[in-house]
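The structure under discussion appears below in the form of structure tokens.
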Amino acid sequence: MRGVAALPVSRVLRDVWAQRSGRIGMVIVGLHLAVALAAPLIVPQDPAFQDAGAMLQSPSLTHWFGTDRLGRDVFSRTLLGGREAMLIATIATVIAMVWGSTLGILVALIGGRTDAVVMRFVDALMSIPWILLVMLFVAALGSSSAALVPVLGFSYGLSVVYLARAAALDFVARDFVVAAQARGHSRWSIAVTELLPNVRDSLAVQGAMQWSWILLAVSSLSFLGMGVAPPTPDWGQMIADARGIMQRAPWALIWPMLALSSLVIGMNLAVDAWARVTGVERNRRVPGP
Amino acid sequence: MTAPPQLEVENLQVGGEGCLVVDTVSFTLRPGESLGIAGESGSGKSTLLLSLMGLMRQGLRHVGGSVRLNGMPMLGQSDAALAAVRGGKIALIPQNPATALNPSRRIGTQISEALLLHSTLDKAGRDVRVLDLLGRVRLPEPAVAARRFPHELSGGQVQRAAIAMALAGEPDVLLLDEPTTGLDASTQAALLDLLVDLRHRGQVAMVCVSHDLGVLARLCDRIAVLYAGAMIEEGPLPAVLTRPGHPYTRALAASIPRLSATGLPLPIEGRPPSLFDLPPGCRFAPRCAFVQDACRDSRPALTLAGPDRRVACLYPLTTLAPAAVQLDAAAEQGAPLLAVEDLSVGYEQPGKHGKTTRRSVVSAVSFTVARGEVLGLVGESGSGKSTILRAIAGLAAPSSGRIALMRDGQTEVLAARSTGRPLAQLRSIQLIFQNPDASLNPRHRILDLLAQPLHLYEKVPRSDLRAKAAELLAEVRLDAAMLDRMPAQLSGGERQRVAIARAFAAGPDLLLCDEITTALDVSVQAAVLHLIRDLARKHDVAAIFVSHDLAVVRAIADRIAVLHNGKVVETNDARELCARPLESYTRSLIDSILEIPA
């Protein structure tokens with residue numbers, strides 16, 4: 001529960017594991033991470049190699065998940081297809097969490113007119129569809145991970161500002177914050193030493209959720225051809241690619257879909273269990289498209 | 001006293017996993033009798049009260065013994081069997097009626113509902129009874145009160161409405177859980193008058209739980225004292241308090257501040273035992289001033305010690321006079337330290353048509369505090385006493401007037417806001433809050449909490465922090481082993497000591513104490529008062545001690561200022577003010593104090 005000493009990480013992991021949904025989630029996410037890390041070492045075939053003689057083959061001993069319309073090995077591409085998206089999601093999440101929570105906690109602490117002005121500005125920015133923003137950037141900078149990371153980090157940080165502000169507001173009127181003000185601590189030091197330890201759990205849970213949302217966003221963009229650029233294999237890209245041949249070669253579509261959705265579901269299960277353990281109320285509002 | 005007992009409790013045991021919260025409690029209650037149950041927090045008194053109705057808190061269950069109401073067993077029965085009795089023959093007035101009443105339904109409707117359950121009256125009959133009940137609890141204009149929602153009544157009025165609701169079933173036994181907690185002294189006095197009157201007229205028996213012995217002395221004719229779940233003394237009032245039989249009762253009575261006494265009340269050293277790890281012998285033995293070897297070996301049973309008195313002690317003290325309160329030499333008056341001149345503080349409130357109206361909380365208050373002096377600020381809630389402290393601390397901007405600090409022969413006028421004050425001024429004024437749960441960040445170790453002022457004001461290097469913090473803890477008589485604990489692992493009294501240590505870490509000239517003992521048990525309160533007094537003397541620190549309780553202020557303060565509606569009505573030497581009040585308001589404050597007999 002909030003208000004008691006923070007639980008150590010090992011204890012949190014143990015308590016998440018103790019719940020059935022948490023256990024399932026942790027296994028799924030753990031498997032995905034292991035595969036993503038080890039994929040370059042274990043892929044049986046070159047994911048970009050186009051075998052003109054083996055197009056749209058059904059699963060066999062050589063091609064476990066079959067081949068796509070260019071004769072590429074779906075198994076190898078599925079193993080590798082999450083790496084880039086996960087990397088982008090991770091960096092973008094860090095950016096979103098850092099700037100979003102810093103601003104959110106500070107405006108909660110400062111309050112008054114500053115709070116009102118900043119939050120209305122955030123409101124205004126949130127009303128711009130993020131996908132439009134991304135398209136603008138991609139059109140200007142070209143489709144690359146370097147362009148995606150800052151844009152996603154910025155637009156997903158907007159909802160973090162809200163969450164961090166709301167979490168910090170629970171504490172700004174508490175006596176320990178008032179006591180720190182009376183002692184003469186600076187705002188920054190109050191935000192870091194008094195508020196941050198108390199909102200840490202909410203923010204960490206939120207961060208994990210952001211990660212899965214951003215992952216989904218990257219995949220959506222790849223699907224639209226604005227995300228991970230070929231020849232790097234990517235689930236979103238693979239799904240888009242196999243869309244037209246769904247009836248003839250369903251394997252080319254099903255495997256990347258399964259990979260992406262299982263990762264997102266696994267993350268949600270784990271985070272739900274985690275939120276229960278730390279007593280954080282999870283924000284179920286999913287921003288984005 | 002020949003009537004059959006209405007309520008019989010025999011060897012009652014209530015417990016949870018691996019502990020007994022209530023252990024071997026026995027008493028009987030005859031019609032019209034009133035029993036007070038006294039004890040400090042964690043002594044099991046509220047659990048006992050609930051089990052009298054056959055109710056158990058979550059995680060607790062009936063372990064042994066029995067409770068009988070008019071011969072009918074109350075424990076081990078189904079809820080359906082008890083439904084007719086609960087709220088009927090036995091009724092509970094909960095600790096906080098504001099949360100016990102449904103906020104979205106009218107008072108009259110709620111009482112009428114209770115009547116529907118426990119009487120055969122029709123709608124019209126019930127309406128008449130509702131007005132009758134509200135009249136009996138002396139609510140002005142019962143017809144108006146019946147139409148109100150709980151939030152439209154004052155705290156005292158809500159408490160009366162809850163009593164009216166409890167009376168709806170014409171109970172034989174009324175259970176009261178801390179009936180006056182949270183009420184102002186004058187409201188409390190009026191409510192107790194009502195309860196005493198109800199008891200005498202209505203022949204209703206009462207069991208009243210309170211931490212306040214003054215309340216019990218006013219309301220009850222017998223008292224049972226609980227310590228760590230066990231009943232350690234039972235007997236008539238006021239005899240139990242004037243000639244206590246158990247050392248704990250004696251220590252408890254001596255820890256209560258009294259207007260008539262000089263000097264500070266006496267604390268009880270140590271802390272109550274954990275219910276999971278009880279000493280094998282007498283539970284009070286580790287803290288007892290009269291302990292003998294035999295006390296540590298076997299647990300004494302409640303036995304008759306003198307006429308009409310049962311004491312669970314191997315060596316009852318019935319021959320001993322109550323503890324004498326120590327005399328305190330008056331502090332020397334130093335040079336002036338703080339001058340508050342014509343201070344007014346108001347808050348902006350949103351009014352109609354987008355305009356803001358100013359509500360004045362403190363108006364034109366002036367006083368001075370001398371170096372090393374303790375000034376008491378006393379007043380009821382809303383009198384502006386906390387606001388004055390906040391203004392001095394720079395947390396509430398005054399609308400007019402000035403606050404000046406005299407240090408090193410210089411007079412410095414303080415900026416309105418703490419953000420505008422130099423660090424040297426900030427460190428010399430330190431604030432201690434009412435509730436240490438709220439004033440200590442729950443996510444920091446005690447070491448980190450004490451390190452904050454050390455780092456901020458003195459730039460103490462990291463390597464010296466632990467030694468410095470341990471020194472501070474020693475000053476407030478806490479063990480250095482606590483440095484690595486979290487606030488939640490400490491008791492309320494220990495947490496308040498940490499808060500005091502943190503204030504002294506700054507090396508202040510003036511302490512602002514805002515109701516700092518209100519959330520504490522009396523014996524702990526006495527210890528905290530001693531601590532503040534000793535540390536203030538030792539370090540030549542002045543203090544402004546704010547409280548709603550004149551007896552507490554009287555115990556610690558050299559001078560007292562009485563506040564009423566944001567104005568100082570009287571300032572005088574503490575002894576003089578209590579002995580010979582000049583203003584009628586001061587006199588009414590003194591009269592509303594429930595002195596326990598000495």
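The values are calculated or read from the model by the stated rules, or taken from the named source; none is laboratory data. A quick note: this is a predicted structure, and the numbers were derived from the prediction, not measured. Every residue, glycine as well, gets a Cβ built from its backbone with ideal geometry; the counts of neighbours run over all protein chains shown.
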Residue check: is A:Asp170 within 14 Å of chain B (Cβ to nearest Cβ), out of contact with any Asp or Glu (no Cβ under 7 Å at 6 or more places or on another chain) and surrounded by fewer than 18 Cβ atoms within 10 Å (Cβ to Cβ)? yes
From B:Ser439, B:Ser491, B:Ser463, residue being within 33 Å of the chain's Cα centre (by Cα) and either farther than 30 Å from B:Ser363 by Cα or more than 10 Å from every other protein chain (Cβ to nearest Cβ) (or both): B:Ser491
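For every residue, the table says whether it meets (1) within 23 Å of the chain's Cα centre (by Cα); (2) outside the structural domain of B:Gly382 (by TED's automatic domain parsing); (3) modelled with pLDDT of 90 or more.
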| position | (1), (2), (3) |
| --- | --- |
| B:Leu512 | yes, no, yes |
| B:Ala519 | yes, no, no |
| B:Val522 | yes, no, no |
| B:Leu529 | yes, no, yes |
| B:Val541 | no, no, yes |
| B:Ser547 | yes, no, yes |
| B:Ala557 | yes, no, yes |
| B:Val562 | yes, no, yes |
| B:Val569 | no, no, yes |
Selection from segment B:244-270 of residues that are surrounded by 19 or more Cβ atoms within 10 Å (Cβ to Cβ) and not aliphatic (A, V, I, L, M): B:Pro244, B:Gly245, B:His246, B:Pro247, B:Tyr248, B:Thr249, B:Arg250, B:Ser255, B:Pro257, B:Arg258, B:Pro265, B:Pro267
If we keep only residues of segment A:96-120 that are in a helix (DSSP H, G or I) and of a type in the set (Gly, Ala, Ser), then the residue modelled with the lowest pLDDT is A:Gly112
Among the residues of segment A:46-95, what is the count of those that are buried (at least 22 other Cβ atoms within 10 Å of the Cβ) and of a type in the set (D, E, K, R)? 5
Restrict the check to segment B:70-87 and report whether at least one residue is over 23 Å from B:His200 (Cα atoms) and of a type in the set (Val, Ile, Thr). no
Residue, surrounded by the most Cβ atoms within 10 Å (Cβ to Cβ), within segment B:451-460, restricted to residues that are under 13 Å from A:Thr193 (Cα atoms) and more than 9 Å from every other protein chain (Cβ to nearest Cβ): B:Ala451
Among B:Leu7, B:Leu55, which is the only one that is without any contact (Cβ under 8 Å) to a residue 40 or more places away in the chain and either touching a Gly at 6+ places or on another chain (Cβ under 9 Å) or over 30 Å from B:Ser255 (Cα atoms) (or both)? B:Leu55
Based on this model, can you work out whether A:Ala116 counts as of a type in the set (A, V, I, L, M) and either surrounded by 19 or more Cβ atoms within 10 Å (Cβ to Cβ) or more than 24 Å from A:Glu84 (Cβ to Cβ) (or both)? yes
Just to check your reading of the model, which residue among B:Ser381, B:Ser386, B:Ser400 is under 24 Å from B:Asp540 (Cα atoms) and small (Gly, Ala, Ser)? B:Ser386
Within segment A:167-178, identify whether any single residue is closer than 30 Å to A:Pro230 by Cβ and in contact (Cβ under 8 Å) with a residue 60 or more places away in the chain, and answer yes or no. no
Which residue pairs have Cβ atoms under 7 Å apart, sit 6 or more places apart or on different chains, and have a first residue in segment B:436-462 that is without any contact (Cβ under 8 Å) to a residue 12 or more places away in the chain and a second that is among the aliphatic types (A, V, I, L, M) and in a helix (DSSP H, G or I)? B:Val460/B:Leu454
Does A:Phe137 satisfy being more than 14 Å from every other protein chain (Cβ to nearest Cβ), farther than 30 Å from B:Tyr457 by Cβ, under 18 Å from the mean Cα position of the chain (by Cα) and not basic (Lys, Arg)? no
Restricting attention to segment B:475-488, which residues are more than 14 Å from every other protein chain (Cβ to nearest Cβ) and either in a loop (DSSP other than H, G, I, E, B) or touching a strand residue (DSSP E or B) at 6+ places or on another chain (Cβ under 6 Å) (or both)? B:Val476, B:Arg477, B:Leu478, B:Asp479
Do we have B:Arg554 as basic (Lys, Arg), surrounded by fewer than 23 Cβ atoms within 10 Å (Cβ to Cβ) and farther than 20 Å from B:Asn435 by Cβ here? no
Does B:Gln95 satisfy the condition of being under 19 Å from B:Leu12 (Cα atoms), modelled with pLDDT under 85 and of a type outside the set (Gly, Ala, Ser)? no
Only one residue in B:Leu423, B:Leu377, B:Leu447, B:Leu414 is crowded, with 19+ Cβ neighbours inside 10 Å, within 14 Å of chain A (Cβ to nearest Cβ) and at negative phi, so which one is that? B:Leu414
Say we look at segment B:128-150 and pick out the residues that are over 28 Å from the mean Cα position of the chain (by Cα) and outside any helix (DSSP H, G or I); which of these is surrounded by the fewest Cβ atoms within 10 Å (Cβ to Cβ)? B:Pro140
Taking segment A:173-214 and keeping only residues that are within 27 Å of A:Met267 (Cβ to Cβ), surrounded by fewer than 23 Cβ atoms within 10 Å (Cβ to Cβ), within 10 Å of chain B (Cβ to nearest Cβ) and of a type in the set (A, V, I, L, M, F, W, C), one is left with A:Leu196
Considering segment B:575-598, residues that are over 22 Å from the mean Cα position of the chain (by Cα) and aliphatic (A, V, I, L, M), and then whichever is farthest from B:Ser366 (Cα to Cα), we arrive at B:Ala579
Looking only at segment B:31-82, which residues are hydroxyl-bearing (Ser, Thr, Tyr) and either crowded, with 23+ Cβ neighbours inside 10 Å or closer than 27 Å to B:Pro273 by Cα (or both)? B:Ser34, B:Ser41, B:Ser43, B:Ser46, B:Thr47, B:Ser51, B:Ser66
